[in-house]
1. Being touching a strand residue (DSSP E or B) at 6+ places or on another chain (Cβ under 6 Å) and in a loop (DSSP other than H, G, I, E, B) is the filter; apply it to region 223-238 and report the residue that is modelled with the highest pLDDT.
2. Can you tell me which residues in region 39-61 are in a helix (DSSP H, G or I) and either under 15 Å from Q7 (Cα atoms) or touching a Pro at 6+ places or on another chain (Cβ under 6 Å) (or both)?
3. May I ask you to verify whether H35 is within 14 Å of the chain's Cα centre (by Cα), open to solvent by 80 Å² or more (accessible area, probe 1.4 Å) and at pLDDT below 95?
4. So, in region 161-200, of the ones that are among the hydroxyl-bearing types (S, T, Y) and either in a strand (DSSP E or B) or in contact (Cβ under 8 Å) with a residue 24 or more places away in the chain (or both), which residue ends up nearest to I125 (Cα to Cα)?
5. Could we say that A122 is among the small types (G, A, S), open to solvent by 30 Å² or more (accessible area, probe 1.4 Å) and either closer than 17 Å to K231 by Cα or at pLDDT 95 or above (or both) here?
6. Please state which one of T24, T81, T101 is open to solvent by 20 Å² or more (accessible area, probe 1.4 Å) and of a type in the set (S, T, Y).
Amino acid sequence: MLIGGLQKISLIDYPGKISCIIFTIGCNFRCPFCHNSQLVLEKKIKQLNHIKEGEIFDFLKKRKNLLEAVEITGGEPCLQTDLVSFIKKIKELGYLVKLDTNGSFPEKLEEIVSQNLVDFIAMDIKSPLTKEKYSKACGIKITDEKLKKIKRSVSIIIKSGVAYEFRTTAVPGLHTKEDIEAIVKYIKGAKKFVIQNFVPQNCINPEYEKKKSFSVAELNTFKSIAEKFVKTEIRANY
């Protein structure tokens, strides 16, 4: 596992549980608004202090009486070739596991779900599921095949029986009311949709650091639209 960060405690990232967060290195997307550029861009990755697996498990063994869950995020965790075995080791210690993903690796996701290795899945839906809009939001060319994989992941998660949420980071200039409506119409009937407010810091595209986040009123407008189709929550950084 390529690990670039460890947040030792979080009270908000795993619903209702005390967790830690493991940040994996590398991503197949280049979302211009991403604020974890140090985990994605090669020149920044070279400056990271990589954390060895052994250090992670030493930490988890020591914190068994305090922590309840482990969140694995990135980057894109499903890029990691040994993700499945890594999660198995965490589960053997008795922890709940939450996986964050962009949904572009449905085969890996299906393998993890079929082996009952995760207790919560959070999947980012970057934009309405069209090639043009997804390409703009992801910073790479999205082909029919790539879009098909993302849609397949949505289906796997909904049918999985695992607790989950779909998330969209709302970014001025990328997302409109119509875009939010298109996203929730696609996932209509899902258990939960989260609108995350864009954070203009440490972005992959530095131009996005000049943008302002949506206001509370604007986010509430998005929520009122989304709630017609899916139970919706706002996560804002105010």
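1. Only one residue fits best here, namely V230.
2. Within region 39-61, the first condition is being in a helix (DSSP H, G or I), and the residues that meet it are 39, 42-45, 53-61.
Correct list: L39, E53, E55, I56, F57, D58, F59, L60.
3. Working: within 14 Å of the chain's Cα centre (by Cα): yes; open to solvent by 80 Å² or more (accessible area, probe 1.4 Å): yes; at pLDDT below 95: yes.
Yes, satisfied.
4. Keep residues of region 161-200 that are among the hydroxyl-bearing types (S, T, Y), which gives 164, 168-169, 176, 186.
Narrowing the set further to residues that are either in a strand (DSSP E or B) or in contact (Cβ under 8 Å) with a residue 24 or more places away in the chain (or both) leaves 164, 168-169, 186.
Details: Y164: 13, T168: 5, T169: 8, Y186: 10 Å.
Filtering region 161-200 for residues that are among the hydroxyl-bearing types (S, T, Y) and either in a strand (DSSP E or B) or in contact (Cβ under 8 Å) with a residue 24 or more places away in the chain (or both), the one nearest to I125 (Cα to Cα) comes out as T168.
5. Details: among the small types (G, A, S): yes; open to solvent by 30 Å² or more (accessible area, probe 1.4 Å): no; either closer than 17 Å to K231 by Cα or at pLDDT 95 or above (or both): yes.
In short, no.
6. T81
The values are calculated or read from the model by the stated rules, or taken from the named source; none is laboratory data. Bear in mind the structure is a predicted one, so any value in this text is a computation, not a measurement. Methodologically, a virtual Cβ is constructed for each residue, glycine included, from the backbone with ideal geometry; neighbour enumeration extends over all protein chains shown. We work out accessible area using only protein heavy atoms, side chains counted, and drop any ligands, DNA or RNA first. Shrake-Rupley method; radii C 1.70, N 1.55, O 1.52, S 1.80 Å.
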